[in-house]
Amino acid sequence: MEARLQLRVQRYGWDRAAEHYERGWREPLFPAQDLLFKMGHLEPGFRVLDIACGTGLVALRAARFVAPHGRVIGVDISDQMVERANELAASSGLPNVSFYRMEAEQLDCVDDYFDVAYDSLGLMYVPDPGRAVEEMHRVIRPGGRAVTAVWGARNHCGWAEIFPIVDSRVKTEVCPLFFQLGTGNSLAELYRAVGFREVMSRRIQTTLHYRSASEALNAVFAGGPVALAYARFDEQTREAAHAEYLQSIEPYRKGTEYHIPGEFVVVGGRKGRKR
Ligand SMILES: C[S@@+](CC[C@H](N)C(=O)[O-])C[C@H]1O[C@@H](n2cnc3c(N)ncnc32)[C@H](O)[C@@H]1O
């Protein structure tokens, strides 16, 4: 897909997903985010950048941790995500975090500034992930760290059929290279290629729990990366796509609940010190 089109699909798709996002993904993403924090070696007082921050799940948690002297900036391509994250920060009474609309490949930030940069489950959507990792490297200080989490291999993510199910009903593929970064050592290699040192990679298994079929459907269709295409489906197309997806996750149904397997890859690295 052409890069500009991909950016538009992401921007307006996640705008649609913003109000449904946390209901579908807040809990399932905890294990990846826990590991992200551990590998970032966060300390009180740090300056933190959260790229592709969504509603701020990572940024708000980091803001509590680095307070009162540390500061967190969250950036995302979607205006609605940024707006929601700023509302959540205000209602949580956190004065040390703010959110801005920005693209991961073009960070409007000075060089060598942040102690830690995170990207939690956002890099799969960026047209040129290598460029985005290079930007992370640029904006952290020498000795600082970057950590990125992505979904793992396709055959370890039980919800993966969502993409062919939607793609068979729309003109262009929604996320053509979605699982590429989570396969083999791709992400760690990107980190090394831009100059990160001490690159570490962890692959962890997880389970996505949904209490009902409607919760499972809401997460992937309305609250996820296919939200833009889904918003344009008529009622009949929606019903057919729902039925096909439920069929694909049938092996993970336990009574009325779904326990869907998933996998995350989390990679961290340190920026070398200047001589
Ligand atoms: C699955 S959400 C992850 C949100 C959050 N980091 C979390 O862990 O909950 C993916 C986010 O990536 C953002 N995104 C997609 N493409 C982007 C880009 N090129 N630049 C910045 N953000 C992007 C989307 O708007 C969306 O909020």
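Derivation of every value follows stated rules applied to the coordinates shown; laboratory data play no part. Predicted model, so just to flag it, every value in this text is computed and none were measured. Cβ placement follows ideal geometry from the backbone for every residue including glycine, while neighbour counts extend to all protein chains displayed.
General observations
- Once Rg and the Kirkwood radius are both taken over the C-alpha atoms of segment 120-210, their ratio Rg/Rh works out to 1.01.
- Rg and Dmax of segment 17-58, Cα atoms only, in Å: 11.7, 33
- Computed helical MRE - 222 nm, the chain, DSSP H runs ≥ 4 contributing -39500 (n - 2.57), nearest 500: -11500 deg cm²/dmol
- 25 °C / 0.890 mPa s Stokes-Einstein diffusion coefficient of segment 83-125, Kirkwood radius on C-alpha pairs, µm²/s: 196
- Interchain or long-range residues, amide H under 5 Å from G74's placed H: D50, S98, F99, Y100
- Amide H within-cut-off set for V226, under 5 Å, with H built and near neighbours excluded: none
- Cα shape, segment 89-158, gyration tensor, a/c 1.5 rule: oblate
- Scaled against 2.2 N^0.38 Å for its residue count N, the alpha carbon radius of gyration of the chain is 0.98.
- Cα centroid separation, segment 175-196 to segment 1-50: 17 Å.
- Mean sequence separation of contacting Cα pairs (under 8 Å, at least six apart), scaled by the length of segment 179-274, corresponds to a relative contact order of 51 percent.
- Over all pairs of different C-alpha atoms in segment 173-275, the reciprocal of the mean inverse distance, the Kirkwood hydrodynamic radius, equals 16.5 Å.
- In the chain, the DSSP beta bridges split such that about 50 percent are antiparallel, to the nearest 5.
- Between T183, T207, T256, the residue with the greatest mean-square fluctuation in the GNM of the chain (Cα pairs under 10 Å linked by springs) is T256.
- Shape analysis of segment 1-40 places it in the oblate category; the axes a ≥ b ≥ c from the Cα gyration tensor give an a/c of at least 1.5, with a/b not above b/c.
- When the trypsin sites (Lys or Arg not before Pro) in segment 197-237 are filtered for DSSP coil states and for at most 14 other beta-carbon atoms within 10 Å of their beta-carbon, the remaining sites are R211, R232.
- For segment 213-258: rounded, prolate or oblate by the Cα gyration tensor [a/c cutoff 1.5]: prolate
- Packing-based order for 45-52, 131-138, using average beta carbon neighbours within 10 Å, highest first: 45-52, 131-138
- For the chain, size of Cβ-based charge dipole, Lys and Arg +1, Asp and Glu -1, in debye: 960
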